[in-house]
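Where a number appears in this text, it was derived from the coordinates with a stated rule and is not lab data. Predicted model only: the values in this text are computed from it and were never measured. Every residue, glycine among them, receives a Cβ derived from its backbone with ideal geometry; neighbour counts consider all protein chains shown.
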Amino acid sequence: MPAHCPISSDFTGEYRARLNALWVVALASTWLATAEPWFGVILISDFLLRDVLNKPRYSLSMRLSDALLSLFAVKDIRINAAPKRFAGILGFSMSSIVMVLLLFGNGWMWQVVLGNLMAFAALEAGVNFCLGCKLYGWFVRPKAIISPPFDESLAETAQPD
């Protein structure tokens, strides 16, 4: 197995991630329909707990997803967590931008950003296409593969030009 595989030592469940995306779609569509900032606070705090702070046990969507999976006795498929966390950080960023735009009265711009977030989450929930994971593969992971860890023993033997 190559040194860059797996991406991280953390794993998550594929169905859990898809259910989390479904909760994001439900909460974001309610936020879009009502323009009530409290729905944004719930969405932002869930992204913050689950992905930014890496405290998924405190995340409401994670608890709901786990409860549904255990209720229906679904055996989850283990996948690398790093791309999903990166996608969640992008979701946190987008929902934070939506909140700022909404609070400062940018009429339609917050709806466009929130609609995009909903579309991305719907792709994940419906057809298992994670755009944030693709972006992770294009931008974050190549840097980890190309940049080997610094080896001090090689630096000591290097001769200056």
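Over all projection directions, the Cα-based convex hull of the stretch 18-80 averages an area of 4.7 nm².
Summarising the amide proton neighbourhood of residue 11: residues at separation of 5 or more, or on other chains, whose placed amide H is nearer than 5 Å comprise 81.
Stokes-Einstein D for the stretch 24-146 at 25 °C, 0.890 mPa s, Kirkwood Rh over Cα pairs, in µm²/s? My calculation gives 160 µm²/s for D. With a cut-off of 13 Å between beta carbons, the residues surrounding residue 117 carry a summed charge of -2, where Lys and Arg count +1 and Asp and Glu -1.
Here is the list for the stretch 1-84: chymotrypsin sites (Phe, Trp or Tyr not before Pro) lying in DSSP coil, each with at most 14 other C-beta atoms within 10 angstrom of its C-beta, are 72. Backbone phi angles across the stretch 18-35, fed through the Karplus curve with coefficients 6.51, -1.76 and 1.60 (θ = phi - 60°), yield HN-Hα couplings of 5, 5, 4, 5, 5, 5, 4, 4, 5, 5, 5, 5, 5, 4, 5, 5, 9, 6 Hz in residue order; Gly and Pro are listed as x.
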